[in-house]
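Data first, discussion second: the structure below is written as structure tokens.
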Amino acid sequence: PTLVDMRSLKLWRPKAASRSFAVLSHSWTGGQRPTEASQKVCVMMHGILGSKSNWNTPSRQLLKTIGPQGWRILQLDHRAHGRSPTGSSPHNLESCAEDVLETLVHAGVPDSAELVVCGHSFGGKVALAVLETLRKQGRPPRKTWTFDSVPGCPAAIPAEDERRQQSVGFVLEVVKAIAGKRFDERSELVSSLQDHGLSQPLAEWIAQSVRSTADGVELSYDIEIVGELYQAYLAKDMWHLFDSSSEIGVIVAGKNRHAWGTKNLQQLQRRHEEGHVEMVTLKSAGHNVHVDDLPGLLKAIQPSFS
């Protein structure tokens, strides 16, 4: 049973009555839900090929600090990821934002709730799409944080550099190459991923997303849909949102600046100097900032909950 009297709350409803979608798979960090007395919700979103479980440790650590202030954390699986349904086309950032907002409704979060929306990589642009929708409704989140997510179009990287750097684009191509193949056991899948060029830690991570079949295991991604989502991330320019106040925060991974490109970094620096964005660079972190510098990440975002 919900802790919120749904009859007394005005909830956000999608405008398109024809849209039909099962809500995203989601969980409240530590099993702690908002109470009637305190409706403060942090939405935490993963990147492409990830899942909500990737953010279990960061979310638990964050909750230790912000939980006593009444905040709760909702972790989500994007469409076609983890345990979430695929959803209907178009498979783009706007649809993903609608997924998030519909899931908040389902979870009993009223439109009067205070929100902080956080997203890593692909999830960062979904967070910006959520911000854009809620701005139009006159109720933007208290803060929107993107974690090593390029607001514009990421820099083009030569194929050999993508392989060497184990970029998202390269990993996606490897996953596409073996999607639908059956393996006797998970270790065989890991070996195949490594044979295609992935490092062992990355292969082990990708191989967490498997499902059992009658004759073994296979990757559980709907790879065609995931590919569409990633292309939407690459193509969408969202710099127009960085035009009013510092309600957006951006974490830059110091060891992944090459993926941003000079043009995007210069634009980010300019918007920061103009007071339109809060920018924090974690110098020792690669793209997975929550793994490489979790203390630095938490230190940067915690003031947003005070």
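The values are calculated or read from the model by the stated rules, or taken from the named source; none is laboratory data. The structure displayed is predicted, hence computed values, not measured ones. All Cβ positions, glycine included, derive from the backbone under ideal geometry; neighbour counts span all protein chains shown. To get the accessible areas, we keep the full protein, side chains included, count just its heavy atoms, and leave off ligands, DNA and RNA. Shrake-Rupley method; radii C 1.70, N 1.55, O 1.52, S 1.80 Å.
Compute the FRET efficiency between ALA177 and SER88 as 1/(1 + (r/R0)^6), taking r as their Cβ-Cβ distance and R0 = 25 Å, and round to the nearest 0.05. Write down the numbers at each step before the final one.
Values: r = 27 Å, r/R0 = 1.07.
E between ALA177 and SER88, to the nearest 0.05, is 0.40.
Tell me the carbon and sulfur percent of the accessible area for the stretch 185-306, rounded to whole percent, probe radius 1.4 Å. Please list the in-between numbers first.
Numbers: 2840 of 5970 Å².
Answer for the stretch 185-306: carbon and sulfur cover 48 percent of the accessible area.
Alpha carbon centre of the stretch 95-124 versus the stretch 37-91: separation in Å?
First find each Cα centre; the distance between them is then 9 Å.
Can you tell which of VAL130, VAL43, VAL217 shows the greatest fluctuation in a Gaussian network model of the chain with Cα springs below 10 Å?
Taking springs between Cα atoms under 10 Å, the residue moving most is VAL217.
Each label point is 7 Å from the Cα along the Cα-to-Cβ direction; what then is the distance between the points at ASP237 and GLU185, in nm?
According to this spin-label approximation, the distance is 5.2 nm.
Please report the relative contact order for the chain, taking Cα pairs under 8 Å with a sequence separation of at least 6, and give it as a percent rounded to a whole number.
On the way: 526 pairs, mean separation 56.2, N = 306.
Relative CO of the chain lands at 18 percent.
Accessible area, 1.4 Å probe, largest first: how do LYS136, LYS143 sort? Can you show the working numbers first?
Working: LYS136 165, LYS143 20 Å².
Listed by decreasing accessible area, they come as LYS136, LYS143.
Provide the percentage of antiparallel DSSP beta bridges, counting only those with both residues in the chain; round to the nearest 5.
On the way: 9 of 35 bridges.
Bridges in the chain are about 25 percent antiparallel.
Within the set of other residues whose C-beta is less than 14 Å from the C-beta of LYS236, count the net charge using Lys and Arg as +1 and Asp and Glu as -1.
Numbers: positive: LYS125; negative: GLU94, GLU132, GLU228, ASP237.
Combined, the nearby Lys, Arg, Asp and Glu give -3.
Please compute the length gained on full extension between ALA155 and VAL23, using 0.36 nm multiplied by the number of residues separating them and subtracting their Cα-Cα distance. Intermediate values should be presented prior to the final figure.
Numbers: separation 132, 0.36 × 132 = 47.52 nm, distance 3.33 nm.
Fully extending the segment from ALA155 to VAL23 adds 44.2 nm.
Calculate, for the chain, the solvent-accessible area per residue in square angstrom, rolling a 1.4 angstrom probe over the heavy atoms of the protein chains.
Numbers: 13700 Å² over 306 residues.
In whole numbers, the chain has 45 Å² accessible per residue.
Just add up the charged neighbours of VAL210: K/R +1, D/E -1, any other residue whose Cβ is under 14 Å from the Cβ of VAL210. Could the numbers behind the result be given before it?
On the way: positive: ARG83, LYS181, ARG182, ARG186, ARG211; negative: ASP184, GLU185, GLU188, GLU204, ASP215, GLU218, ASP222.
Summing Lys and Arg as +1 and Asp and Glu as -1 gives -2.
Figure the gain on full extension for GLU273 and ARG60 (residue separation times 0.36 nm, minus the Cα-Cα span) and round it to one decimal in nm. Walk me through the numbers on the way to the answer.
Numbers: separation 213, 0.36 × 213 = 76.68 nm, distance 3.29 nm.
Length difference between fully extended and current span is 73.4 nm.
On a 30 Å Cα-Cα criterion, which of the cross-link pairs LYS40/LYS263; LYS64/LYS136; LYS52/LYS236; LYS255/LYS299; LYS136/LYS236 come out too long?
Numbers: LYS40/LYS263 36 Å; LYS64/LYS136 33 Å; LYS52/LYS236 23 Å; LYS255/LYS299 19 Å; LYS136/LYS236 19 Å.
In this structure, LYS40/LYS263; LYS64/LYS136 lie more than 30 Å apart at Cα.
What is the local net charge at LYS143, summed over the other residues whose Cβ is closer than 14 Å to its Cβ (Lys, Arg +1; Asp, Glu -1)?
Details: positive: LYS40, ARG135, ARG139, ARG142; negative: GLU114, GLU247, GLU278.
So the environment of LYS143 carries a net charge of +1.
Enumerate by residue number the trypsin sites (Lys or Arg not before Pro) in the stretch 26-113 meeting two conditions: DSSP loop (anything except H, G, I, E, B), and at most 15 other Cβ atoms within 10 Å of the site's Cβ.
Loop-located and lightly packed - ARG83.
If you project the alpha carbons of the stretch 89-211 onto the principal axes, what extent comes out on each, in Å, largest first?
51, 33, 26
Contact order normalised by length for the stretch 168-261, with contacts defined as Cα pairs under 8 Å and 6 or more residues apart; what percent is it?
Relative CO of the stretch 168-261 lands at 25 percent.
Please report the relative contact order for the stretch 104-175, taking Cα pairs under 8 Å with a sequence separation of at least 6, and give it as a percent rounded to a whole number.
Details: 64 pairs, mean separation 20.7, N = 72.
Computed over the stretch 104-175, the figure is 29 percent.
I want to verify a result. In a Gaussian network model of the chain, Cα cutoff 10 Å, which of these has the top mean-square fluctuation: ALA285, ALA259, ALA177?
Most flexible of the set in this elastic network: ALA177.
Determine the calculated [θ] at 222 nm for the chain from helices alone, applying -39500 (n - 2.57) to every DSSP H run no shorter than 4 residues and normalising by the residue count; nearest 500 deg cm²/dmol. Can you show the working numbers first?
Values: 12 runs with 116 residues, N = 306.
So the calculated ellipticity at 222 nm is -11000 deg cm²/dmol.
Suppose we keep just the DSSP beta bridges with both residues in the stretch 183-306; what percent of those would be antiparallel, to 5?
Details: 5 of 10 bridges.
Bridges in the stretch 183-306 are about 50 percent antiparallel.
Does the chain come out rounded, prolate or oblate, given a ≥ b ≥ c as the square roots of the eigenvalues of its C-alpha gyration tensor, rounded meaning a/c under 1.5 and, failing that, prolate meaning a/b above b/c? Kindly include the intermediate steps, with their values, before the conclusion.
On the way: a/c = 1.62, a/b = 1.22, b/c = 1.33.
Since a/c reaches 1.5 but b/c is at least a/b, the shape of the chain is classed as oblate.
Highest mean first, what order results for 110-121, 227-238 on Cβ atoms within 10 Å?
On the way: 110-121: 22.2, 227-238: 17.3.
Peptide ranking by packing, descending: 110-121, 227-238.
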